[in-house]
Amino acid sequence: MAKDAIVLLNMGGPNDLYEVQTFLHNMFNDPNILTMKSALLRRFIASVITTNRTRSAQEVYQKLGGKSPIVDLTKLLVGAVQEKVGESVVVDFAMRYTPPFADESVERLKAAGVTHVYLIPLYPQFSTTTTKSSLEDYEARMHEAGLDAIVSEIKHFYKNDHYNETVVARIEEAMEAADTDEYDLVFSAHGLPQKIVDAGDPYQRQVKEHVRILSSLLKKKGMRFAGVHLAYQSKVGPMKWLEPSLEMKLDELFNKKVLIFPIAFTIDNSETLYELDMEYREIADKKGFEDYRVARCPNDHPLFVEALADIYSKMKV
């Protein structure tokens with residue numbers, strides 16, 4: 001008898017301070033992240049980056065309670081989706097760079113007798129550095145484990161109506177008791193090296209289209225901000241990355257009331273809870289901002305649960 005499984009994929013994050021090194025090592029050894037052809041050179045550079053960044057990264061996660069929240073939040077989402085779709089469908093998840101890894105998930109699907117796997121990377125927009133990497137990794141682990149199941153995958157879902165309703169709900173939540181027309185809204189996307197975009201990665205184009213979709217939806221909902229902007233965060237290293245950076249964008253804003261929405265993330269993590277909500281809050285304070293707000297990611301919001309159920313149902317058609 002045929003049995004479906006929905007598998008949610010994400011990058012992961014350290015489950016304790018000891019896993020910070022594992023996280024950095026695995027991420028920077030990913031050929032979709034460091035794209036040079038030489039595996040030897042990649043390993044060397046990854047080793048240098050991991051050595052140089054482990055301690056500072058541990059300090060970040062210490063401020064978040066000693067670990068990334070991404071796994072616990074994803075478990076809550078998995079539970080909510082499972083309840084939504086019913087027990088006839090297996091709902092599972094895997095992380096790319098930290099436990100639980102794809103091989104653990106694959107073994108659970110084998111034990112459950114799954115015959116059709118629906119892979120949903122939790123990235124609204126497609127990038128080779130995120131979506132492609134997660135899909136390749138999971139499918140490789142399936143082949144290694146001998147899980148002979150049909151695989152369906154989705155590359156992006158930023159156009160999904162239920163998902164965009166979720167984003168609007170999170171913005172409304174962050175703007176409670178405030179007039180939107182007094183604030184600028186900045187959609188902050190995780191940055192990419194310009195060379196990856198120049199090589200054909202569609203991420204920047206899709207992020208820009210997503211901003212247009214959300215801007216239109218916000219207006220229909222009667223939420224009119226003083227201005228709507230796009231900026232990029234999380235630059236690493238000396239090479240040219242997508243611009244404007246979030247700091248550059250904050251410099252440009254005449255209005256000193258701002259709401260930040262992390263448009264490229266669905267689950268809160270260090271880039272949202274630390275970088276946006278702590279680091280950039282300090283920067284905004286120094287720049288004289290009167291009010292600096294950061295909206296939560298969709299996480300396990302009921303509308304996001306609805307969106308994932310909708311995505312699965314459309315993948316089945």
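For the range 279-317, enumerate the residues that are aromatic (Phe, Trp, Tyr) and over 20 Å from GLN82 (Cβ atoms).
TYR280, PHE289, TYR292
If you go through the range 126-142 one residue at a time, do you hit one that is without any contact (Cβ under 8 Å) to a residue 60 or more places away in the chain, surrounded by fewer than 16 Cβ atoms within 10 Å (Cβ to Cβ) and among the charged types (D, E, K, R)?
no
If you check LEU214, LEU230, which single one turns out to be in a helix (DSSP H, G or I), touching a residue at least 24 places away in the same chain (Cβ under 8 Å) and either in contact with a Gly (Cβ under 8 Å, 6 or more places away or on another chain) or not assigned by TED's automatic domain parsing to the domain that holds HIS116 (or both)?
LEU214
For the range 172-201, what are the residues that are assigned to a helix (DSSP H, G or I) and not charged (D, E, K, R)?
Once the filter is applied, which keeps residues that are assigned to a helix (DSSP H, G or I) and not charged (D, E, K, R), the range 172-201 yields ALA174, THR180, GLN194, ILE196, VAL197.
Look through the range 279-317, keep the residues that are of a type in the set (Val, Ile, Thr) and assigned to a helix (DSSP H, G or I), and return whichever of them is farthest from the chain's Cα centre (by Cα).
Within the range 279-317, the match that is farthest from the chain's Cα centre (by Cα) is ILE283.
Note down all Cβ pairs under 6 Å where the first residue falls in the range 23-40 and is farther than 13 Å from THR128 by Cα, the second is surrounded by 18 or more Cβ atoms within 10 Å (Cβ to Cβ) and among the basic types (Lys, Arg), and they're at least six residues apart or on different chains.
Sorted first by the residue in the range 23-40, then by its partner, the pairs are MET36/ARG42.
With ALA57, ALA46 as the choices, which residue is under 20 Å from GLY191 (Cα atoms), modelled with pLDDT of 95 or more, surrounded by 14 or more Cβ atoms within 10 Å (Cβ to Cβ) and not assigned by TED's automatic domain parsing to the domain that holds ASN269?
ALA57
Enumerate the pairs (first residue in the range 240-256 and more than 11 Å from ILE283 (Cβ to Cβ); second residue anywhere and acidic (Asp, Glu) and part of a loop (DSSP other than H, G, I, E, B)) with beta-carbon separation below 6 Å, excluding pairs fewer than 6 apart on the same chain, so at least 6 apart or on different chains.
Here the result reads LYS256/GLU290, each pair linking the range 240-256 to a residue that is acidic (Asp, Glu) and part of a loop (DSSP other than H, G, I, E, B).
The values are calculated or read from the model by the stated rules, or taken from the named source; none is laboratory data. These numbers were taken from a predicted model, which means no experiment stands behind them. Cβ atoms come from the backbone with ideal geometry, glycine included; neighbour counts cover every protein chain shown.
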